[in-house]
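Remarks on the structure that follows.
Taken together, the values in this text are just the output of simple stated rules run on the coordinates, not laboratory data. Just so it is clear, the model here is predicted, and its values are computed rather than measured. As a convention, Cβ positions derive from the backbone with ideal geometry for all residues, glycine included, and neighbour counts pool all protein chains shown.
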Amino acid sequence: MKVLETKLKGCYIIEPKVFEDKRGYFFESFNTKSFQELLKTDTIFIQDNESLSTKGVLRGLHYQTGEHAQAKLVRVVKGKVLDVAVDLRQNSKTFGKHVSIELTEENKKQLFVPRGFAHGFIVLSESAVFSYKCDNFYNKASEQGIIFNDKDLNIDWKLQESEFIISEKDTILPTLKNAILP
């Protein structure tokens, strides 16, 4: 497994070692020991989630606050998404900055999004199966978000806004300046 730190401290791209032959491929998608050693973290994942979405579906930017904050390890099982993490740690040098990466079934890359970050993605392929691990259980009362088109974040979602399919709750999220931060 290859680990690359992004420009946001604590946020990592993980590239697994893939073994391919005439039968197909094999790779270890997660190993607690390797993950903790390579990322120098004590994060323990306790919940796995999966979603199926069609092209243009934008989910995010979401996070949880307080004792219910979550770190996530995200990947695409089928299809292609643009995955985005935004640093919300107010004492961070990269507060309000974001990273984006294409996660695909072909590249098998993963993104580790630590606590204190907002996360979202948009589906770029006809459909995508998105899988992620969380280190804390979901708590509706702690759920927060930032509007996807916040001018201060200036995220290039790679599709025209007219192509976006967004839940009603995600269209009324606050800007970063007005958000309740972790």
GluC sites (Glu not before Pro) restricted to DSSP loop in region 78-123 with at most 12 other C-beta within 10 Å: Glu106
Förster radius 30 Å - calculated FRET efficiency between Ser167 and Phe26 (Cβ-Cβ, nearest 0.05): 0.25
Among the listed pairs Lys7/Lys40; Lys80/Lys177; Lys109/Lys133, those beyond 20 Å (Cα-Cα): Lys80/Lys177
Charge dipole magnitude, Cβ of K and R +1, D and E -1 - the chain, Cα centre, debye nearest 20: 380
Cα centre as origin, Lys/Arg/Asp/Glu Cβ charges: region 58-158 dipole, Debye: 180
Those lysines that a straight Cα-Cα span of less than 19 Å connects to Lys140, excepting residues fewer than 8 apart in one chain: Lys72, Lys169
FRET efficiency estimate (nearest 0.05) - Cβ-Cβ, Ser92 to Lys158, R0 25 angstrom: 0.45
Furthest towards positive pole of dipole, Gly56, Val77, Phe45, structure part region 42-85, Cβ charges: Gly56
Percent RCO, i.e. relative contact order, over region 31-182, from Cα pairs under 8 Å lying at least 6 residues apart: 35
Longest exposed-site-free window of the chain, the sites being trypsin sites (Lys or Arg not before Pro) in a DSSP loop that have at most 15 other C-beta atoms within 10 Å: 98-150
Student exercise, region 2-104 dipole from Lys, Arg, Asp, Glu Cβ charges, in Debye to nearest 20: 300
